[in-house]
Amino acid sequence: MILHLIEWVVSGYMRSNSINKMSLFANEVLETSKEKYAVFAVFMAAAGVVRASTAGFSSGAQSLEISKLRNSAEKRIEFVAQILVSNGNVVTLPTTQREGPLLKCFAIALARCGSVSSSAPLLLCLTSALLTQVFPLGQIYESFCNAFGKEPIGPRLIWVREHLSDVLFKESGAISGAFCNQYSSASEENKYIVENMIWDFCQNLYLQHRQIAMLLCGIEDTLLGDIEKIAESSFLMVVVFALAVTKQWLKPIVSKERKMVTSVKILVSFSCVEYFRHIRLPEYMETIREVISCVQENDAPCVSFVESIPAYDSLTNPKDLFTQRIKYEWSRDDVQTSRILFYLRVIPTCIGRLSASAFRGVVASTMFLYIGHPNRKVAQASHTLLAAFLSSAKESEEDERTQFKEQLVFYYMQRSLEVYPEITPFEGLASGVATLVQHLPAGSPAIFYSVHSLVEKASTFSTESLQGRKSDPGNQILELLLRLVSLVDIQVLPYLMKSLAQLVIKLPKERQNVVLGELYGQVAESDDVIRKPSLVSWLQSLNYLCSNNRTEVLASGSTIDTSNQLAARL
């Protein structure tokens, strides 16, 4: 009210060219400190002057007077900011009850009065206003965790609802824009301070919302949804700020070390707020492209980012106090899952920079854990990560990397097939298998084991599943084995042909004909002069055995023994 009242008054002075009144106003309100004047009222009056001065109706002597009036207003704004900063709480957080209303004034004023000359106190106050007043998530989380199960939830629900309808929250976008403008003009030292405040906010948001989500989910869903509306808005602020940071530091003139450190911090912060990303933002995509491009240039930032993954023990058995109040299940922790999904998607983009020892020590256990996640999107990302590592190369450790890849495959096949088809997505399994047979050394025991595991898994399905729709689990495994005929190396091919024959011979006549037709089509289109002769001979024998098997089954009434005996002849 004060801001717009003063704007209206001063605009009137400007329109009527009342230079004396403008000078008197500046002297009485802006340039003289009086005890009876409330600090917040003087501050908002100064903001009203700044807003009025941006209208642009001035010329000659009037222009000079308006410029002096604006300078006085900006000095008053900076003076109030300096008072807050000198108390020390603005940078360290949280703020006192006296400072809270003033910080709200800062946020509203800078959102509405347009561009204001940059200053360190102003930037720090605006940062604190965003993190404690516009997005008071820390206070909300602390209040709910302390009161959970002890006090009624109603008053806190009203508190959150009131904040959502507050003008301060509704103008969070404009406040974030003013914040980024102040940041862009700040000194390097103050930029560094503000950046760390935002990155710490992201880390705390992840840790605290994870607790609240587990405590309130299914109990107070309405309240949880309202809290997440505030958190989602804070995510937008973080994204816009991160883009502003990349424009400052990811430039050719900036040192490599500074660019790498900044990129890793942005990625880690984005992982913390990934749960709140529900829309496709151009600013988000642009920032991600910039920082990943920087991380891909060197091993150090890639390793640093990967090492920021939460430890395996903390994923499955967190020691936080809130886990003592509920029965914790890692697969139901959606906030944590979103963060890990971010890592699963980003790591493949720089997998060539990651050593085998780093992958073994930090990534592998988490990847295998989430291969068994009931959310198929998450499981799929885990399969994609494994495929990326299997297809990667690093000249400095070729032998060690190859040996480790083979070790991974044994557990990968076991872990994937034990939860197939309930959890493991076929597309992920097919991608992983296709990658391993193409990138492991020819004749690798891991490839033999993979073929054996697939055949063994296929044999657990009924003949109805093996002959049904293409989307049936058993039929999908059979189709994958057929696809491997043209992918496995020549040393593994004989074992695959023998194993396939054992499966095909057990199939009903109609399904046998379909499989043989697919195999004939593959062989006919193949231009592989090495394997084609073997495949042609094998197919002819398989066709004969299928026909012979049907005859013998009719005569003996036995299927299994006869099938295995005939397949052995191949």
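The values are calculated or read from the model by the stated rules, or taken from the named source; none is laboratory data. Remember, predicted model here, so these are calculated numbers, not experimental data. No Cβ is skipped: glycine too gets one built from the backbone with ideal geometry, and neighbour counts run over all protein chains shown. These area figures cover heavy atoms from the full protein model, side chains too; ligands, DNA and RNA do not enter into them. Shrake-Rupley method; radii C 1.70, N 1.55, O 1.52, S 1.80 Å.
General remarks:
- Modelled FRET efficiency - R0 22 Å, Lys247 with Gln296, Cβ distances, 0.05 increments: 0.70
- Nearest-ten-degree value, helix 532-556 long axis tilted from longest Cα axis of the chain: 70 degrees
- Amide H contacts of Leu250 (H built 1.01 Å from N, in plane; Pro and chain starts excluded): no residue 5 or more places away or on another chain comes under 5 Å.
- On full extension, the segment bounded by Arg332 and Val419 gains 29.6 nm, given 0.36 nm per residue less the C-alpha separation.
- Cα gyration tensor shape for the chain, rounded if a/c is under 1.5, else prolate or oblate: prolate
- Percentage relative contact order, segment 1-114, counting C-alpha pairs under 8 Å, at least six apart: 34 percent
- Solvent-accessible surface (1.4 angstrom probe) belonging to Asp166, in square angstrom, nearest 10: 50 Å²
- GluC sites (Glu not before Pro) lying in DSSP loop within segment 362-425, provided at most 16 other Cβ fall within 10 Å: Glu422
- Ranked from largest to smallest solvent-accessible area, with a 1.4 Å probe on the protein heavy atoms, Lys251, Lys259 come out as Lys251, Lys259.
- Taking 7 Å steps out from each Cα toward its Cβ at Asp320 and Ser67 produces label points 5.5 nm apart.
- Over the residues of the chain, the helix contribution to mean residue ellipticity at 222 nm works out to -22500 deg cm²/dmol, using -39500 (n - 2.57) for each DSSP H run of at least 4.
- Figure note: Met367, Met497 ranked by solvent-accessible area, largest first, 1.4 Å probe, ligands and nucleic acids not counted: Met497, Met367.
- Full-extension gain in nm, Ser308 to Tyr37, via 0.36 nm per residue minus C-alpha separation: 92.5 nm
- Length-normalised contact order of the chain in % [C-alpha pairs under 8 Å, at least 6 apart]: 7 percent
- For the chain, cysteines whose Cβ has no other cysteine Cβ within reach (under 4.7 Å): Cys105, Cys113, Cys125, Cys145, Cys180, Cys217, Cys294, Cys546
- Relative contact order [Cα under 8 Å, 6+ residues apart], segment 143-295, whole percent: 28 percent
- C-alpha long axis of helix 39-53 to longest principal axis of the chain, angle in °: 80 degrees
- Spin-label model, Ser115 to Arg98: label points 7 Å out along the Cα-to-beta-carbon direction sit 3.6 nm apart.
- Cα-based shape type of segment 3-56, given that a ≥ b ≥ c are square roots of the gyration tensor eigenvalues and the cut on a/c is 1.5: oblate
- Ligands, DNA and RNA left out, the 1.4 Å accessible surface of the chain is 52% carbon and sulfur atoms.
- In the structure shown, the pairs Lys405/Lys457; Lys104/Lys319; Lys34/Lys170; Lys229/Lys377 are assessed against 26 Å; a Cα-Cα span above that value is assigned to Lys104/Lys319; Lys34/Lys170.
- Surface exposure of the chain, expressed per residue as accessible area with a 1.4 Å probe, stands at 45 Å².
- Order of exposure, largest accessible area first, which applies to Lys256, Lys21 with probe 1.4 Å: Lys256, Lys21
- Prolate/oblate/rounded call for segment 248-357, Cα gyration tensor, a/c under 1.5 rounded: prolate
- Note on Glu74: accessible area is roughly 20 Å² with a 1.4 Å probe, heavy atoms of protein only.
- Sequence ranges 273-279, 168-174, ranked by mean other-Cβ count within 10 angstrom, highest first: 273-279, 168-174
- Residues of segment 379-402 with an amide N closer than 19 Å to a point placed 7 Å from the Cα of Gln438 along the Cα-to-Cβ direction: 380-394, 402.
- Taking every protein chain into account, the 1.4 Å probe leaves His383 with about 0 Å² of accessible area, to the nearest ten.
- Pair Asn27, Glu188: separation of 7 Å Cα→Cβ label points (nm): 4.6 nm
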